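What follows is a set of notes on a single structure, which appears directly below.
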2 protein chains.
Amino acid sequence: MTELPPEITLLWGVRETPRRGRKPSLTAADITRAAIAVADAEGLAAVSMARVAAELGNATMALYRHVKSKDELLALMTDGALDPPPVLPGGDWRIGLTTWSEAIMASFQKHPWYAQVTISGPPIGPNNLAWFDRGLSALEDTPLEEGEKVGIVMGLITYLHGELRLSFELAEGYRENPEAFSRVYAAALRRFVDPREMPALAKVVDAGVFDYDTLYDEQDLGADFNFGLNLYLDGIAAYLDRRSST
Amino acid sequence: MTELPPEITLLWGVRETPRRGRKPSLTAADITRAAIAVADAEGLAAVSMARVAAELGNATMALYRHVKSKDELLALMTDGALDPPPVLPGGDWRIGLTTWSEAIMASFQKHPWYAQVTISGPPIGPNNLAWFDRGLSALEDTPLEEGEKVGIVMGLITYLHGELRLSFELAEGYRENPEAFSRVYAAALRRFVDPREMPALAKVVDAGVFDYDTLYDEQDLGADFNFGLNLYLDGIAAYLDRRSST
DNA sequence: CACGATAGCGTAGGTGATACGCATAAAAGC
DNA sequence: GCTTTTATGCGTATCACCTACGCTATCGTG
């Protein structure tokens, strides 16, 4: 059997035989939990090894016995912060994927910093895999090949993660300067978009799409999310149609 | 007229009246260019203020006369690194958006670090807006409302950016350990995916979707990209159908 | 030619990651 | 119970970076 690298086994909490030696007063899971708490409360920037250690009442360097580097800690956080996936209503794949998407966005939104961490590599942690599985399960009754299911779910994750990032950034900008935010953006566009050079964009700007509170509005963000999601789901439906008719 | 914040005007290179005083030997554009060169050659991590300054033969702190912070420099880079958008073949929106998507991915791929920088906020730089405009122009002959066009193009950008990030990460992992990369992933999945807990994922793993070089393969990445893109485009087509038939 | 505004940049402070090695605690073996 | 073994806790020290501040050099203007 192939030897698995420690950064992967760590995610699953496999501990070979810690028989001898001093009893650890800390586990990687503890550290991850504390780091997530700090990030939730004060943002990702506040997560330093020293800060996390202080949270646990330990010295900074103690953490390095359990975590190879800060990057590894971040990787642990991206798995640890996810809720377990919901049970999907069986039957219609579309309803299933919609439920799934809404649930994953809800899970993301509990941890605003999630959009900022760089995911490195394919899903491998327990929670990530559980979500992956649940997404695939929504497509169970379709005639798709396994590889196609993977492509669809991966694509959806990609899209949702991007959407999260975008909404997070807008929320950020809005929080920093609520009143000016959309005004400034609209003003900047009006100032720089030359109808001769960017006619399509100019038309949009003129139509007032970016005006005032149109840009940032909780309601609208939800609507945008649904719009894009449905586009993607429509695409899946079309693909299924095309596939079964040939 | 609303006063625009300097970080925005800087992107457009508006300089009010730098009449008096010493002549600048450096411009924000120079700095951006140098930073991009460093990132291209040695990765984003190599971009430090000191390194960029050295590249220009200046002292570190000289940069701060032209750029408020490193974050601002990164923002400038994300605009400066983009090629100008291509001229799209008129007529069919689908061909237009496909051309556009492929071109933007090609532009991204010249700068692998692009996937790593955190975009902060809606597109506002000249190149970003040019791309935005060009994307919108592909939808010009459709009966969509302006807001819908924006939603569609934004969604597409979101998806493409995510796709870029994913492929970058895979390429990264592959580069670090070409032989082991997919083997380790497949092995890890086989080890941890319990068919009782994650039946759908187990089925996929058993089907060999993640085996050996299936996971990372230039050919496959391109195919995945096209698959996802077409899903999204199918979704747009379906939306157009639904819309015109009611 | 003196003045004032602006660019260049040296110094220094602060933050943060992390290598290294020793002290310490706990199990294993006698 | 005492020694040996082994892993943990963590103090010290280093290194890399960002950036505030203020001085000096330079150039247009009157």
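Please treat every number below as a calculation from the coordinates, not as lab data. Keep in mind that what you see is a predicted model, and the values were worked out from it rather than measured. In this analysis, Cβ positions are derived from the backbone assuming ideal geometry, glycine residues included, and neighbour counts consider all displayed protein chains.
For Cα pairs less than 8 Å apart in space and 6+ apart in sequence, what is the mean separation divided by the residue count of chain B, i.e. the relative contact order in percent?
Computed value for chain B: 15 percent relative contact order.
How big is the equivalent ellipsoid of segment A:6-80 along its three axes, where each semi-axis is √(5λ) from the Cα gyration tensor, reported in whole Å from largest to smallest?
The three semi-axes for segment A:6-80 are 21, 15, 9 Å.
Are there GluC sites (Glu not before Pro) in segment A:142-202 that DSSP marks as loop and that have at most 15 other Cβ atoms within 10 Å, and which are they?
A:Glu145, A:Glu179, A:Glu197
What translational diffusion coefficient, in µm²/s and rounded to a whole number, does the Stokes-Einstein relation yield for segment A:106-185 at 37 °C and a viscosity of 0.692 mPa s, taking the hydrodynamic radius as the Kirkwood radius over Cα pairs?
Rounded to a whole number, D works out at 223 µm²/s.
Select from segment B:16-73 those GluC sites (Glu not before Pro) which occupy a DSSP coil region and have at most 14 other Cβ atoms within 10 Å, ordered by residue number.
B:Glu16
Around A:Ser107, with a cut-off of 14 angstrom between Cβ atoms, what is the net charge of the other residues, counting Lys and Arg +1 and Asp and Glu -1?
It works out to a net charge of -3.
When you look at the Cβ of every residue in A:4-14, what mean number of other chain Cβ atoms sits within 10 Å?
What the average comes to for A:4-14 is 2.
Mind jotting down the distance between the C-alpha centroids of segment B:136-214 and segment B:61-109, whole Å?
Using only Cα atoms, the two centres lie 22 Å from each other.
So if I place +1 on the C-beta of Lys and Arg and -1 on the C-beta of Asp and Glu, and nothing else carries charge, what would the dipole magnitude of chain A be about its Cα centre? I want it in debye, nearest 20.
1120 debye
What's the average, rounded to a whole number, of partner chain beta-carbon atoms within 10 Å of each residue's beta-carbon in B:167-174?
2
For the residue pair A:Ser25 and A:Thr118, what label-to-label distance in nm results when each label sits 7 Å from Cα along the Cα-to-beta-carbon direction?
Modelled inter-label distance: 3.5 nm.
Please compute the average number of Cβ atoms from other chains found within 10 Å of each residue's Cβ in peptide A:130-142.
Counting other chains' Cβ atoms within 10 Å and averaging over A:130-142 gives 3.
Give the aspartates and glutamates reachable from A:Lys149 as a straight Cα distance under 12 Å; neighbours fewer than 8 places away on the same chain don't count.
A:Lys149 reaches A:Asp133, A:Glu140, A:Asp141, B:Asp224.
Once you have a ≥ b ≥ c as the square roots of the Cα gyration tensor eigenvalues for segment B:48-183, tell me rounded if a/c is under 1.5, and otherwise prolate or oblate according to whether a/b is larger than b/c.
oblate
For segment A:60-147, run through the trypsin sites (Lys or Arg not before Pro) and keep only the ones in DSSP coil with at most 14 other Cβ atoms within 10 Å of their Cβ.
For trypsin sites (Lys or Arg not before Pro) across segment A:60-147 that sit outside H, G, I, E and B with at most 14 neighbouring Cβ atoms in 10 Å, the list reads A:Lys68, A:Lys110.
Debye calculation, C-alpha points only, no solvent: report log10 I(q)/I(0) for chain A at q = 0.08, 0.10, 0.16, 0.17 Å⁻¹, in the same order as the q values.
Reported log10 I(q)/I(0), two decimals: -0.44, -0.66, -1.19, -1.25.
Using helices alone, what [θ] at 222 nm do you get for chain B, with -39,500 (n - 2.57) per DSSP H run of 4 or more residues, divided over all residues and rounded to the nearest 500?
-20000 deg cm²/dmol
Using 20 Å bins from zero, what percent of all Cα-Cα pairs in the protein assembly as shown falls into each bin?
So the P(r) values, bin by bin, are 21, 55, 23, 2.
Which one, B:Thr27, A:Thr142, A:Leu4, is farthest towards the positive end of the dipole of the protein assembly as shown when Lys and Arg carry +1 and Asp and Glu -1 on their Cβ?
B:Thr27
Going by how many other Cβ atoms sit within 10 Å of their own, how do B:Met77, B:Met105, A:Met61 line up, fewest first?
Placing the least packed residue first, the sequence is A:Met61, B:Met105, B:Met77.
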